[in-house]
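The values are calculated or read from the model by the stated rules, or taken from the named source; none is laboratory data. Bear in mind the structure is a predicted one, so any value in this text is a computation, not a measurement. All Cβ positions, glycine included, derive from the backbone under ideal geometry; neighbour counts span all protein chains shown.
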Amino acid sequence: MEDVLGKGLTRAIGISNLTITKTESLLKTAKIVPAVNQVECHPYFQQKKLREYCDTKGILIEAYAPLGSPARRGVEATDPVVMDDPTIKEIASKKGATPAQVR
């Protein structure tokens, strides 16, 4: 990836789903710090420690599944659903928006 960036064939390097431990390991040998780490992040899974760590390294966080991932394997029927969260619904109502539009 670093060679591809060096040749101008891409504008940035990103990583996906790397924990703090795995990112630390990567940074020990990387010549170029990744621009972004794409991870699941939503109101019920905020990844605060990972976000803080990446911030100290200059790595942006890109959230995938910002509306939650209720269809993923292992989700129980009783697990909360972001789109049904009463607080998010209340904020959406006050702003004349849908729960998906609340940010």
Matching residues, the range 74-103, being among the basic types (K, R) and modelled with pLDDT of 95 or more
K89, K94, K95
For the range 64-78, indicate whether the set of residues that are surrounded by 12 or more Cβ atoms within 10 Å (Cβ to Cβ), within 30 Å of D3 (Cα to Cα) and without any contact (Cβ under 8 Å) to a residue 60 or more places away in the chain is non-empty.
yes
Meets criteria (in the same structural domain as T87 (by TED's automatic domain parsing), closer than 28 Å to V102 by Cβ and aliphatic (A, V, I, L, M)) for V36
no
Can we say T10 is farther than 30 Å from Q101 by Cβ, loosely packed, with under 15 Cβ neighbours inside 10 Å and touching a residue at least 24 places away in the same chain (Cβ under 8 Å)?
no
Restricting to the range 84-103, name every residue that is touching a helix residue (DSSP H, G or I) at 6+ places or on another chain (Cβ under 7 Å) and exposed (fewer than 15 other Cβ atoms within 10 Å of the Cβ).
K89, T98, A100, Q101
Picked from the range 61-83 (must be hydrophobic (A, V, I, L, M, F, W, C) and touching a helix residue (DSSP H, G or I) at 6+ places or on another chain (Cβ under 7 Å)), the residue nearest to I32 (Cα to Cα) is I61
Within the range 1-59, track down each residue that is assigned to a helix (DSSP H, G or I) and under 28 Å from D84 (Cβ atoms).
K48, K49, L50, R51
